[in-house]
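**Student:** To start, I am sharing the structure in question, which I have written as structure tokens.
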């Protein structure tokens with residue numbers, strides 16, 4: 001690869017009012033449905049491919065006054081790069097020959113070529129005018145739409161060395177085999193043999209036809225009767241049966257693709273499922289681009305294909321999705337993939353992800369920040385993208401520390417809002433700790449502009465660590481008055497419920513799960529035994545420099561002894577008890593839920 005389309009700017013197209021995308025060699029576009037991913041793909045096709053013949057009034061952005069904007073602008077910038085994809089200063093000779101006067105240089109003498117596509121309605125003839133121009137500069141994004149084109153720089157010929165291949169979300173190789181304009185149809189139409197090979201192959205086919213007819217009684221009988229046509233042609237006619245195409249040029253008419261695990265299980269594509277047919281369709285496009293690339297290489301001409309695949313994961317199981325993704329990114333030139341698959345996202349480089357969202361001001365695009373340490377990138381990949389890729393498609397993230405909250409909060413959320421969290425695009429995550437454990441999720445939320453809410457325990461050390469982690473990502477925050485953070489009153493979730501008057505509800509949940517004697521048996525067996533050793537609250541040992549520990553003795557006979565026993569029981573099987581207690585709380589009216597829960601859910605309601 002010696003060039004790269006490193007930027008595309010789009011204005012006035014579909015839901016896109018005004019955006020700029022930085023493009024790597026492989027760009028993976030993610031986002032919710034109707035976020036604008038397909039619009040970006042079609043804008044590329046309008047700038048470089050054949051979408052102009054499909055242009056309609058609905059492709060023009062609707063402004064604030066409900067009237068469509070009367071102009072679509074699409075700018076792309078092409079820059080020279082080395083084999084590692086890093087920008088260089090000068091185009092290679094083959095691209096200088098292709099671009100010619102379209103080559104420009106910035107203030108640092110770095111070469112580039114910028115192409116603008118302008119689409120406007122044709123008020124006289126009807127339809128639309130689509131024109132391309134070579135730009136003489138690449139201004140800052142804030143000023144780009146105001147740049148006037150030089151009419152002498154109009155591009156009147158196709159940009160054949162920058163072909164754009166779009167693979168729609170709806171694809172089926174079996175159907176495409178009968179379509180001349182499909183990619184497999186184009187491959188078949190380009191089948192050519194030299195005259196000697198053609199005669200030899202047609203001779204083999206002739207012998208094969210004769211053999212097939214001679215060894216088939218029904219075919220012989222059919223030929224015998226068809227030859228009776230001679231009676232109408234003064235015995236000068238001849239009937240010939242050809243089970244196989246007689247001429248090489250007709251081979252494509254009966255061309256089929258068979259696939260199976262071995263020779264005995266090969267079946268035609270029409271008998272395979274949509275996953276296999278869709279996958280095969282995409283591979284034919286890849287084959288077509290490579291064949292074209294070889295032809296250009298033979299002529300030493302510039303060639304940089306752009307392959308765009310929409311939702312390649314459709315109808316495929318997770319491992320097949322991963323395999324297909326690897327096959328697509330190995331394509332020559334540039335690759336653009338739109339996806340809803342967490343399995344595809346997990347394979348993508350973080351720097352290749354582009355998140356699109358559609359808000360009141362139109363489509364926005366975001367990407368992950370590069371100004372983080374290598375270790376933080378690893379944590380983000382390991383703890384979020386690789387294991388929780390679905391979070392990238394969230395409308396909101398709800399973070400908490402422990403197992404109890406992760407189990408209980410979704411149940412209470414469904415009760416409070418009468419909707420499953422996932423149906424609203426909301427994900428609950430137990431970060432498995434405090435402080436630094438929050439950071440990968442907070443960084444994802446910040447960079448992709450996903451609303452994030454935190455339900456935190458109230459112990460002073462935990463609050464201090466949370467504040468440090470949050471401020472590292474988002475800047476200074478007042479946790480006690482934050483619109484997206486709820487802090488419990490000096491305790492953890494279980495302790496808060498007991499302190500808030502839900503002791504009897506919790507005791508009932510425990511006995512329903514494990515019998516009426518569970519609590520009394522727990523107290524009888526453990527009264528007077530030692531708890532896990534903890535720091536004694538005195539200076540470390542001067543001799544060995546180790547902390548001095550003490551093992552507190554359980555005392556269930558004290559005023560708060562019952563609550564101590566209940567907390568120990570809850571802690572022994574957190575997930576099981578969390579669900580049971582949450583289900584018991586759900587039997588209460590919404591207004592009788594714990595106040596901190598209501599406060600937290602109201603904060604979510606206000607922002608999402």
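The values are calculated or read from the model by the stated rules, or taken from the named source; none is laboratory data. Since the model is a prediction, treat every value here as computed from it, not as a measurement. A quick note on method: Cβ atoms are made from the backbone with ideal geometry, for glycine too, and the neighbour counts reach across all protein chains shown.
**Student:** Within the range 434-445, is there a residue that is crowded, with 19+ Cβ neighbours inside 10 Å, under 23 Å from the mean Cα position of the chain (by Cα) and under 20 Å from residue 593 (Cβ atoms)?
**Tutor:** no
**Student:** Determine, yes or no, whether residue 367 is modelled with pLDDT of 90 or more and surrounded by fewer than 18 Cβ atoms within 10 Å (Cβ to Cβ).
**Tutor:** Values: modelled with pLDDT of 90 or more: yes; surrounded by fewer than 18 Cβ atoms within 10 Å (Cβ to Cβ): yes.
So residue 367 fits the description; yes.
**Student:** Restrict the check to the range 513-526 and report whether at least one residue is assigned by TED's automatic domain parsing to the domain that holds residue 566 and either in contact with a strand residue (DSSP E or B) (Cβ under 6 Å, 6 or more places away or on another chain) or under 23 Å from residue 425 (Cα atoms) (or both). Step through it out loud before you land on a result.
**Tutor:** We begin by selecting, within the range 513-526, every residue assigned by TED's automatic domain parsing to the domain that holds residue 566; these are 513-526.
Restricting the remaining residues to those that are either in contact with a strand residue (DSSP E or B) (Cβ under 6 Å, 6 or more places away or on another chain) or under 23 Å from residue 425 (Cα atoms) (or both) gives none.
Among the residues of the range 513-526, not one is assigned by TED's automatic domain parsing to the domain that holds residue 566 and either in contact with a strand residue (DSSP E or B) (Cβ under 6 Å, 6 or more places away or on another chain) or under 23 Å from residue 425 (Cα atoms) (or both), which makes the answer no.
**Student:** May I pose another question? Taking the range 446-472, which residues are within 16 Å of residue 396 (Cα to Cα), in contact with a helix residue (DSSP H, G or I) (Cβ under 8 Å, 6 or more places away or on another chain) and part of a helix (DSSP H, G or I)? Walk me through how you get there before you give the answer.
**Tutor:** Restricting attention to the range 446-472, the residues satisfying the condition of being within 16 Å of residue 396 (Cα to Cα) are 446-455.
Now drop any that are not in contact with a helix residue (DSSP H, G or I) (Cβ under 8 Å, 6 or more places away or on another chain), which leaves 446, 448, 450-455.
446, the sole residue that qualifies.
**Student:** Do we find that residue 271 is more than 21 Å from the chain's Cα centre (by Cα) and either surrounded by 14 or more Cβ atoms within 10 Å (Cβ to Cβ) or at pLDDT below 80 (or both) in this structure? Please lay out each step first, then the result.
**Tutor:** On the way: more than 21 Å from the chain's Cα centre (by Cα): yes; either surrounded by 14 or more Cβ atoms within 10 Å (Cβ to Cβ) or at pLDDT below 80 (or both): yes.
Spelling it out, residue 271 is indeed more than 21 Å from the chain's Cα centre (by Cα) and either surrounded by 14 or more Cβ atoms within 10 Å (Cβ to Cβ) or at pLDDT below 80 (or both).
**Student:** Could you check the range 482-505 and list, in sequence order, the residues that are out of contact with any helix residue (DSSP H, G or I) (no Cβ under 6 Å at 6 or more places or on another chain) and assigned to a helix (DSSP H, G or I)?
**Tutor:** Once the filter is applied, which keeps residues that are out of contact with any helix residue (DSSP H, G or I) (no Cβ under 6 Å at 6 or more places or on another chain) and assigned to a helix (DSSP H, G or I), the range 482-505 yields 495, 496, 497, 499, 503, 504.
Condition check ((1) free of Cβ contacts under 8 Å to residues at least 24 places away in the same chain; (2) part of a helix (DSSP H, G or I); (3) touching a strand residue (DSSP E or B) at 6+ places or on another chain (Cβ under 6 Å)) across all residues:
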residue: 370; (1), (2), (3): yes, no, no
residue: 381; (1), (2), (3): no, yes, no
residue: 407; (1), (2), (3): no, yes, no
residue: 423; (1), (2), (3): yes, yes, no
residue: 428; (1), (2), (3): no, no, yes
residue: 442; (1), (2), (3): no, yes, no
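**Student:** Quick check, is residue 475 more than 23 Å from residue 594 (Cα to Cα), in contact with a helix residue (DSSP H, G or I) (Cβ under 8 Å, 6 or more places away or on another chain) and either surrounded by fewer than 18 Cβ atoms within 10 Å (Cβ to Cβ) or at pLDDT 95 or above (or both)?
**Tutor:** On the way: more than 23 Å from residue 594 (Cα to Cα): yes; in contact with a helix residue (DSSP H, G or I) (Cβ under 8 Å, 6 or more places away or on another chain): no; either surrounded by fewer than 18 Cβ atoms within 10 Å (Cβ to Cβ) or at pLDDT 95 or above (or both): yes.
Criteria not met by residue 475.
**Student:** Test of understanding: among 78, 130, which residue is part of a strand (DSSP E or B), in contact with a helix residue (DSSP H, G or I) (Cβ under 6 Å, 6 or more places away or on another chain) and in contact (Cβ under 8 Å) with a residue 60 or more places away in the chain? Lay out the reasoning, then the answer.
**Tutor:** Working: 78 fails: in contact with a helix residue (DSSP H, G or I) (Cβ under 6 Å, 6 or more places away or on another chain).
From the options 78, 130, the qualifying one is 130.
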